[in-house]
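See structure below.
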Amino acid sequence: MYQVGIFGEKLSHSLSPVFQNVAFKYCQIPALYEVWEFSKDELHERVNLLRKPNSLGANVTIPYKELAYGMVDELDGTAKQIGAINTIVNNSGKLKGYNTDVSGFIRSLKEIASFDPIGKNVLILGAGGAARAAIFGLVNEKVNSITIANRTVDRAVKLINDFGVNQEIFSILSIYDEKISEISLRSDLIINATSVGMKHSSMEFESLLSPDQIPVNCVVYDIVYNPLITPLLKNAQEAGAEIIQGLWMLIFQGVDSFELWTGKSAPVQNMYQKAMEHFKSLG
Ligand code: ATR
């Protein structure tokens, strides 16, 4: 039996075992995806255990994505660029790190909304970890412009400073700036990468954009996946725009990880269905 799993600190709500184990079963691969929760001082030892012959590798989540980056033998180009990994692949005892948050995000845009990022104008709300992955992917895909709107403007400034080149494609403003309508209305893609709209948060019923701020011929992607349809996505539907649920970002980072571990095509729809069923069972 092959072993694979997820490294993290608080994983009781992780959906990854749910959809990864379905994928292994569907592809008839004798592997078990486990949850590996431990503290920071164990990370090095845990990474080294991945070199065992029956280990496929692991996913890595918060707060270990940056630390694990420095513990593998080799890095994929995107991972090297962003400075964080969420996937480790065991190649006969040699560990290679990847960032499928970035590749999965771009793949979800292409496969779920047939959205080709080249030359497009993007508005992204938020400047945290999720925004960072989306922005790295979009810059590599040669978008025309990216406007970052964040509550804390300085955080957005720090984020774009990490891009040595391509500075000219970025603009920054506060999410409370009135100019946001003007920008949103000429965007091809709007992404919410803030926690606004997240279930059980103080902003659960809020959307940073109203229907009249969303153009009809636009794709709106909310990285928040609980609830499946957030207040922003409801507003986008009301405006007639195309939506992508945040669950797709989670599924596609897993799809890319699965394909790196196994070399087989992941059963995307089965993984999505299983994750949805799990969600519904939680009520
Ligand atoms: P993640 O890794 O999910 O991106 P994060 O790094 O904590 O999480 O980032 C959270 C994002 O949500 C940030 O852009 C944050 O804005 P600040 O940089 O100003 O903190 C944004 N955010 C969180 N709560 C918010 C709120 N109530 N209103 C607006 N933005 C909020």
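Key figures for this structure:
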read-out: Residue in the range 260-275 that is closer than 12 Å to LEU15 by Cβ, among the basic types (Lys, Arg) and not assigned by TED's automatic domain parsing to the domain that holds SER174 present; value: yes
read-out: Options LYS158, LYS110: the member that is farther than 29 Å from ASP73 by Cβ, open to solvent by 50 Å² or more (accessible area, probe 1.4 Å), assigned to a helix (DSSP H, G or I) and within 11 Å of the ligand (Cβ to nearest atom); value: LYS158
read-out: Test: SER202 is closer than 30 Å to GLU277 by Cα, open to solvent by 20 Å² or more (accessible area, probe 1.4 Å) and within 11 Å of the ligand (Cβ to nearest atom); value: yes
read-out: Residues located in the range 56-70, provided they are open to solvent by 40 Å² or more (accessible area, probe 1.4 Å) and more than 14 Å from the ligand (Cβ to nearest atom); value: LEU67, TYR69, GLY70
read-out: Filter pass, ALA133 being within 16 Å of the ligand (Cβ to nearest atom), under 25 Å from MET203 (Cβ atoms) and not in a loop (DSSP other than H, G, I, E, B); value: yes
read-out: Test: residue in the range 181-195 that is among the hydrophobic types (A, V, I, L, M, F, W, C), touching a Gly at 6+ places or on another chain (Cβ under 9 Å), open to solvent by 30 Å² or more (accessible area, probe 1.4 Å) and within 13 Å of the ligand (Cβ to nearest atom); value: no
read-out: Qualifying residue in the range 163-176 (condition: more than 12 Å from ALA127 (Cβ to Cβ) and within 11 Å of the ligand (Cβ to nearest atom)); value: yes
read-out: 2 or more residues at pLDDT 95 or above and under 15 Å from GLN253 (Cα atoms): qualifying helices (runs of 4 or more DSSP H) within the range 1-91; value: 16-26, 77-82
read-out: Residue that is farthest from the chain's Cα centre (by Cα), among those in the range 219-276 that are among the aromatic types (Phe, Trp, Tyr) and within 22 Å of GLY197 (Cβ to Cβ); value: TYR272
read-out: Qualifying positions in the range 80-107 - aromatic (Phe, Trp, Tyr) and open to solvent by 10 Å² or more (accessible area, probe 1.4 Å); value: TYR98
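Residue-by-condition table, conditions (1) modelled with pLDDT of 95 or more; (2) part of a helix (DSSP H, G or I):
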site: MET198; (1), (2): yes, no
site: ASP212; (1), (2): yes, yes
site: TRP248; (1), (2): yes, yes
site: GLN253; (1), (2): yes, yes
site: ALA266; (1), (2): yes, no
site: GLN269; (1), (2): yes, yes
site: PHE279; (1), (2): no, yes
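The values are calculated or read from the model by the stated rules, or taken from the named source; none is laboratory data. Because the structure is a prediction, the values reported are computed rather than measured. In this analysis, Cβ positions are derived from the backbone assuming ideal geometry, glycine residues included, and neighbour counts consider all displayed protein chains. To get the accessible areas, we keep the full protein, side chains included, count just its heavy atoms, and leave off ligands, DNA and RNA. Shrake-Rupley method; radii C 1.70, N 1.55, O 1.52, S 1.80 Å.
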